[in-house]
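What follows is a short report on a single structure.
All of the numbers you see were taken from the coordinates with simple rules; none came from a lab. Note that the structure is predicted; figures quoted are calculated from it, not measured. Positions of Cβ are generated from backbone atoms using ideal geometry, with glycine treated the same way; all protein chains shown enter the neighbour counts.
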């Protein structure tokens, strides 16, 4: 009987030994959980094999099901963080990742619109206006005559300048209309160049087109008052009368009284020629273009004009252009 009793005791010792050996395996119990008693031994084993500070998700079995997504978050337009971890319990890495993605906007379109001011930036140092190509450099009031002024019953005044530099006159730099004025001539050869300058200013500033020169405009009374040329601005026929403002000698003081004389004379003639033009060439309004020798002449003209009878001004537009540079060809 002693032998059988020992035989019954051996299995229990063996089981105890196996359990003791199994309890020391630590890191391997998480791969295959024990089916024995799910008591404090297995609980202790599980908690000891779940390192929350591991940065390698493959070595932590507790995070196998919620490790890095493996896909980098990419907006498609800019560099983002390398990866975005959603299940790693390493808070330092996660906070670094979210900081990285939040600072990378990717889209730079808003920045480009903010930086690009070319569409809104203008030149403030150059007062030149009008078409840059042509005879002389234009400045002052330019491009301001439109339908509002042309159809208004009120008069308007515009002032500007043209600088011929050292070049002076050059036929090849004229607009086609300016060349036509020169080629066909006018009824008073002494004023031909001032009429050409007056047209060049209107053509390059107001996009005027020459319709007829002085000798080709049709009038009811061929012996009556005439204007210098017929132009088109904004689709409307406009008569243009031209006069020079200059004294002799040219640099002599030019008074308000002198300015008043030529303004009253020319504005009155405009009223007569407007009544005389034939229906086929009838204009809606006239422009009195004064080609002035210097700033002094312009100031006298403006002062004199302010004191004129409104009936004389009527609805005529007054355009004063001061000439600079080699402008002797106009006044000789």
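Spin-label pair residue 250-residue 268: with each label point 7 Å from Cα along the Cα-Cβ axis, the two points sit 3.0 nm from one another.
Judged by the mean number of other Cβ atoms found within 10 Å, the most tightly packed of the peptides 279-285, 212-218 leads the ranking 212-218, 279-285. Between residue 236 and residue 284, the simple spin-label model (points 7 angstrom out along Cα→Cβ) gives 0.4 nm. Within the stretch 136-167, find all residues whose amide N lies under 13 Å from a label point positioned 7 Å from the Cα of residue 275 along Cα-to-beta-carbon. Hits in the stretch 136-167 for residue 275 at 13 Å: none.
Percent of C-alpha pairs per 5 Å bin in the stretch 137-331, short distances first: 1, 8, 17, 21, 22, 17, 10, 3, 0. Listing 329, 156, 164, 248 from fewest to most neighbouring C-beta atoms within 10 Å gives 248, 329, 156, 164. Counting every other Cβ atom within 10 Å of each residue's Cβ, 234, 327 order from fewest to most as 234, 327. Take every Cα pair under 8 Å whose residues are at least 6 apart in sequence, average their separation, divide by the length of the stretch 147-213, and the relative contact order is 27 percent. Between residue 329 and residue 221, the FRET efficiency from the beta-carbon distance, with R0 = 35 Å, is close to 0.55.
Residues 157, 197, arranged from fewest to most other Cβ atoms within 10 angstrom of their Cβ, appear as 157, 197.
One Cα centroid belongs to the stretch 185-232, the other to the stretch 289-332; the line between them spans 17 Å.
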